[in-house]
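Peer 1: I'd like to ask some things about the structure below.
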Amino acid sequence: MFHKLMLKTVVGCVAVASALVFTASAGALGYAPLNHAGPRLSVSKALLSEALVCTGNLSGSKHRPILLVPGTTVTPREDFAWNWEVALADQNWPFCTIQLPDDSMGNIEVAGEYVVYAIRTMYAEAHERIDIVGHSQGGMVPRWALRFWPDTRRMVRHDIGLSASNHGTLDAIALCAAGCAPAIWQQVTDSNFLKALNSRAETFPGIDYTEIYTNDDEVVVPNFGPHASSAVHGGGGAITNVAIQQVCPNDVAEHLGIGTYDNTAYQIAMEALTHSGSGNPSLVPKSVCLDPLMPGVDPLTFATDFGDAGAAVATALATTPFVAHEPPLACYVTASCKRS
């Protein structure tokens, strides 16, 4: 996620060489068909395994296991350890977190491989389809896995995004004027990465999609109306796109808040997770609007916990090396790529 603190970050530029092997325009060659098998994972199994941490018995619970995917600039600790993880553990709900490389600031195509590995591993252990809850980039990158590794589609039941950057943000255009981190380049509105992500189909049959966002989002912009950046459209599967203000009009949670403490977003997500189909906001009682903090958040430590998350955002933005251009797309994104 790019928090509003990023606007205060001193802009610098450190040019680095790209290790990706494909530089031609994917649009000129055509995007990969939806049924093209995904490539072998390039990240070592040791690194992938180390990044996946699971809590509870994935195969022996009445609840489907949940994969928690963090946003840009943060690790699962800052994003989920003081809220979602506590709430799920209190309900004996098994879950796993995946730590994306470089605090989710590196190439999102590589981050996608971590999510592919997590989906496959959790599915194999649970012996059933899993659910995904992701914040910001973490709500978007699972869709990269589903788009370009089609075997993962039968392994996921519900994909829930909390202010997911599904169509990028206008904020990143100015932020990247003098260079920015790879992941931020890729989340610029109309980036090559996002065009590939949303090519041919945004959703897939058999998967339920619930995209929850806030009209007060200052990071994923614009995030209101039928064309909100977080919203997804068409392709198959049940889809719900909902702003928290549609349930609680006075909820003022912003981008960081919707994924870390906001009770409205949590209750909409839990309604989806406990019923078939995509989320039904009309079933969320209005009483949730009386408490801004979701279960799991300690009111006594909330200020410190939320402050630590904001500080992590600022630190990552200030210390991650910049690149001058968006990373080129990998070969497998295109229809012309040779597959073994």
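Peer 1: Cβ-Cβ under 7 Å, sequence separation 6+ or interchain: first residue in region 60-74 and over 18 Å from Val116 (Cα atoms) and open to solvent by 10 Å² or more (accessible area, probe 1.4 Å), partner among the polar types (S, T, N, Q) and at pLDDT 95 or above. Which pairs?
Peer 2: Once the first residue is over 18 Å from Val116 (Cα atoms) and open to solvent by 10 Å² or more (accessible area, probe 1.4 Å) and sits in region 60-74, its partners that are among the polar types (S, T, N, Q) and at pLDDT 95 or above give Ser61/Asn92.
Peer 1: Looking at this structure, is Asp131 charged (D, E, K, R), open to solvent by less than 10 Å² (accessible area, probe 1.4 Å) and farther than 18 Å from Ser191 by Cβ? First the steps, then the outcome.
Peer 2: Values: charged (D, E, K, R): yes; open to solvent by less than 10 Å² (accessible area, probe 1.4 Å): yes; farther than 18 Å from Ser191 by Cβ: yes.
For Asp131, the condition - charged (D, E, K, R), open to solvent by less than 10 Å² (accessible area, probe 1.4 Å) and farther than 18 Å from Ser191 by Cβ - is met.
Rundown of residues vs (1) assigned to a helix (DSSP H, G or I); (2) touching a strand residue (DSSP E or B) at 6+ places or on another chain (Cβ under 8 Å), yes/no style:
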| residue | (1), (2) |
| --- | --- |
| Thr97 | no, yes |
| Asp102 | yes, no |
| Gly106 | no, no |
| Val110 | yes, no |
| Glu113 | yes, no |
| Met122 | yes, yes |
| Trp144 | yes, no |
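Peer 1: May I pose another question? In region 36-84, what count of residues is obtained for those that are at pLDDT 95 or above and either in contact with a strand residue (DSSP E or B) (Cβ under 7 Å, 6 or more places away or on another chain) or of a type in the set (S, T, N, Q) (or both)?
Peer 2: 27
Peer 1: So, of the residues in region 73-95 that are in a loop (DSSP other than H, G, I, E, B) and touching an Asp or Glu at 6+ places or on another chain (Cβ under 7 Å), which turns out to be nearest to Leu48 (Cα to Cα)? Spell out the reasoning first.
Peer 2: We begin by selecting, within region 73-95, every residue in a loop (DSSP other than H, G, I, E, B); these are 73-75, 81-83, 91-94.
Next, from what is left, pick out any that are touching an Asp or Glu at 6+ places or on another chain (Cβ under 7 Å): 73-75, 82.
Numbers: Thr73: 19, Val74: 17, Thr75: 15, Trp82: 24 Å.
The selected residue is Thr75.
Peer 1: Pairs, please: C-beta under 6 Å, at least 6 apart or cross-chain, first residue farther than 10 Å from Asn263 by Cα and in region 281-303, second among the β-branched types (Val, Ile, Thr) and buried (at least 17 other Cβ atoms within 10 Å of the Cβ)?
Peer 2: Taking only residues 6 or more apart or on different chains, the pairs are Pro281/Val242; Pro281/Val247; Pro281/Ile268; Val284/Val247; Val284/Ile268.
Peer 1: Being without any contact (Cβ under 8 Å) to a residue 60 or more places away in the chain, assigned to a loop (DSSP other than H, G, I, E, B) and at positive phi, is that true of even one residue in region 265-280? Give the derivation first.
Peer 2: Step one: list which residues in region 265-280 are without any contact (Cβ under 8 Å) to a residue 60 or more places away in the chain, which gives 267-268, 270-271, 274-275, 280.
Now restrict to residues that are assigned to a loop (DSSP other than H, G, I, E, B): 274-275, 280.
Among the residues that remain, those that are also at positive phi are: none.
Scanning region 265-280, I find no residue that is without any contact (Cβ under 8 Å) to a residue 60 or more places away in the chain, assigned to a loop (DSSP other than H, G, I, E, B) and at positive phi, so the answer is no.
Peer 1: I've got another one for you. Looking only at helices (runs of 4 or more DSSP H) that fall completely inside region 152-204, which ones have 1 or more residues that are within 24 Å of Gly279 (Cα to Cα), in contact with a helix residue (DSSP H, G or I) (Cβ under 7 Å, 6 or more places away or on another chain) and of a type outside the set (Asp, Glu)? Can you show your working first?
Peer 2: Values: elements: 171-175, 182-186, 192-197.
Counting at least 1 such residues, we get 192-197.
Peer 1: If Gly235 satisfies every condition in (1) more than 29 Å from Thr334 (Cβ to Cβ); (2) in contact with a Leu (Cβ under 9 Å, 6 or more places away or on another chain); (3) assigned to a loop (DSSP other than H, G, I, E, B) but one, which is the exception?
Peer 2: Going through the list (1) more than 29 Å from Thr334 (Cβ to Cβ); (2) in contact with a Leu (Cβ under 9 Å, 6 or more places away or on another chain); (3) assigned to a loop (DSSP other than H, G, I, E, B), Gly235 breaks only (1).
Peer 1: So Asp308 clears everything in (1) open to solvent by 30 Å² or more (accessible area, probe 1.4 Å); (2) in contact with an Asp or Glu (Cβ under 7 Å, 6 or more places away or on another chain); (3) closer than 30 Å to Leu197 by Cα; (4) not polar (S, T, N, Q) except one condition, right? Which one?
Peer 2: (3)
Peer 1: Sticking with this one: State the number of residues belonging to region 228-262 that are open to solvent by 10 Å² or more (accessible area, probe 1.4 Å) and free of Cβ contacts under 8 Å to residues at least 60 places away in the same chain. Write out each step before concluding.
Peer 2: So in region 228-262, the residues open to solvent by 10 Å² or more (accessible area, probe 1.4 Å) come out as 233-241, 245-246, 249-252, 254, 261.
Now narrow it down to the ones that are free of Cβ contacts under 8 Å to residues at least 60 places away in the same chain: 233-241, 245-246, 249-252.
Selection size over region 228-262: 15.
Peer 1: Here are Ala172, Ala111: which of them is more than 24 Å from Ile239 (Cα to Cα), open to solvent by less than 10 Å² (accessible area, probe 1.4 Å), of a type in the set (A, V, I, L, M) and over 14 Å from the mean Cα position of the chain (by Cα)? Write out each step before concluding.
Peer 2: On the way: Ala111 fails: over 14 Å from the mean Cα position of the chain (by Cα).
Among Ala172, Ala111, only Ala172 is more than 24 Å from Ile239 (Cα to Cα), open to solvent by less than 10 Å² (accessible area, probe 1.4 Å), of a type in the set (A, V, I, L, M) and over 14 Å from the mean Cα position of the chain (by Cα).
The values are calculated or read from the model by the stated rules, or taken from the named source; none is laboratory data. None of the values given here were measured: they were computed from a predicted structure. Please note: Cβ atoms are built from the backbone with ideal geometry, for glycine as well, and neighbour counts cover all protein chains shown. Accessible surface areas use protein heavy atoms only, side chains included; no ligands, DNA or RNA. Shrake-Rupley method; radii C 1.70, N 1.55, O 1.52, S 1.80 Å.
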